[in-house]
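A.B. asks: Please see the structure below; I have some questions.
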Amino acid sequence: MKRFIEPNELARDSRFIRQDNAMATVLASMPDDVDAIVAAFEQFSPMIEESVRGTAAQELFEAYGPAFTLVVLNEPLDPDSAAATMRLILRMHGIFVGELQALEGAARSLWDFPDAPWEFKMNMARQCWDEGRHVQIFEKLLEHLGGHVGMFPESTFLFEAACSDDPAMRVAGVNRGLEGLACDVFRDMIRYAEKTGDEVMQQAVDYVLADEITHVRFGSEWVKEFTKGDPEHLQKTQDFRREVDKQFSFGGSRSDREDAAIPIAWEDRKEAGFSEEELQDLASVSAEGPSKETLTQAAQILRERFHAKRNGEGARS
Ligand SMILES: [Fe+2]
Ligand SMILES: [Fe+2]
């Protein structure tokens, strides 16, 4: 079996639609400037439209235009907000494919490094077992909310953090970056389920979160072990994780800012081996994106222009 596969080599059945990841990268590096954001989304509009065609996200595209992801990412999930259920299902679908990629990432970490210590392989095998269970739990939760597998496109930006051929970098990106993000998102989902009184979702996600804390801890411990006695190597893994964390912050949507859609799960991350200093660093890396006000203004302009253009096309035909 081949070692070190590319994200486009991940096997999927015909239910899945693949989405280009370019937008997540663009979002991570956007300045706090309305015009620049509007220009970027307009440039990507045909690609975004193409990627949502035939999926449930087409409805969101038609309602909000190319920047529908900004609305989805930027606004905290609130049961009383417009299209709340669809947005919740969209997030749940994103988590489901994220779990699938986490399973694939952990399995690749087990396979790609034959010379790694036995304990590392056992930890990765344990993680595969957990992630396999998570895939099933989130598939069921998706159905519990009225959704189904394949209704939204899948972006492989999570698996892309799992492609380093250095085991220290691999666990830094996957177990500390990706699994850390999972802690933030799941803590937020539990809060949401408490608000809506959805005990099934609350309890299921709580069980999953307990596993994710263990996975982050694997990362915290193995980064130390793989870089023992080599401070330069340790620094490289820290820099890589910061880069991954910046991408996973979606322009500040996941951050410690007061206006964050997904707050950092400070306490859970401490339990998982993040130091206070690393958390302060994460807070500053993730807060670098555009402000919520900028994103809201940009989304509004894009929405208006999108509808004006659609109406113009309608009038001409
Ligand atoms: Fe998981
Ligand atoms: Fe995990």
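Here, each number is a calculation from the coordinates, and none is a lab measurement. This structure is a prediction, so every number in the text was calculated from the model and none was measured. Cβ: placed from backbone, ideal geometry, glycine included. Neighbour counts: every protein chain shown.
A.B. asks: Let's see if you can work this out: charge +1 on each Lys and Arg Cβ, -1 on each Asp and Glu Cβ, no other charges. What is the dipole magnitude of region 75-286 about its Cα centre, in debye to the nearest 20?
C.D. replies: 220 debye
A.B. asks: Using alpha carbons only, how many angstrom separate the centre of region 104-149 from the centre of region 173-219?
C.D. replies: Comparing the Cα centres of region 104-149 and region 173-219, I get a distance of 14 Å.
A.B. asks: Ignoring everything except DSSP H segments at least 4 long, calculate the 222 nm mean residue ellipticity for the chain; use -39,500 (n - 2.57) per segment, divide by total residues, nearest 500. Before the final figure, lay out each step's value.
C.D. replies: Working: 14 runs with 211 residues, N = 317.
Helix-only estimate at 222 nm: -22000 deg cm²/dmol.
A.B. asks: Farthest toward the dipole's positive end in the chain, which of Ile213, Gln238, Val38, given Cβ charges of +1 (Lys, Arg) and -1 (Asp, Glu) about the Cα centre?
C.D. replies: Working it through, the farthest residue towards the positive pole turns out to be Val38.
A.B. asks: Between Ala260, Ala162, Ala107, whose Cα lies farthest towards the positive end of the dipole of region 75-286 when Lys and Arg beta carbons carry +1 and Asp and Glu beta carbons carry -1, centred on the Cα centre?
C.D. replies: Of the candidates, Ala107 comes out farthest on the positive side.
A.B. asks: Could you tell me the largest-minus-smallest coordinate of the C-alpha atoms of the chain on each of the three principal axes, in descending order and whole angstroms?
C.D. replies: 67, 41, 38 Å, listed from the longest principal axis down.
A.B. asks: For Ser164, Ser291, what's the fewest-to-most ordering of other Cβ within 10 Å of each Cβ? Before the final figure, lay out each step's value.
C.D. replies: On the way: Ser164 20, Ser291 14.
In increasing order of surrounding Cβ atoms, one gets Ser291, Ser164.
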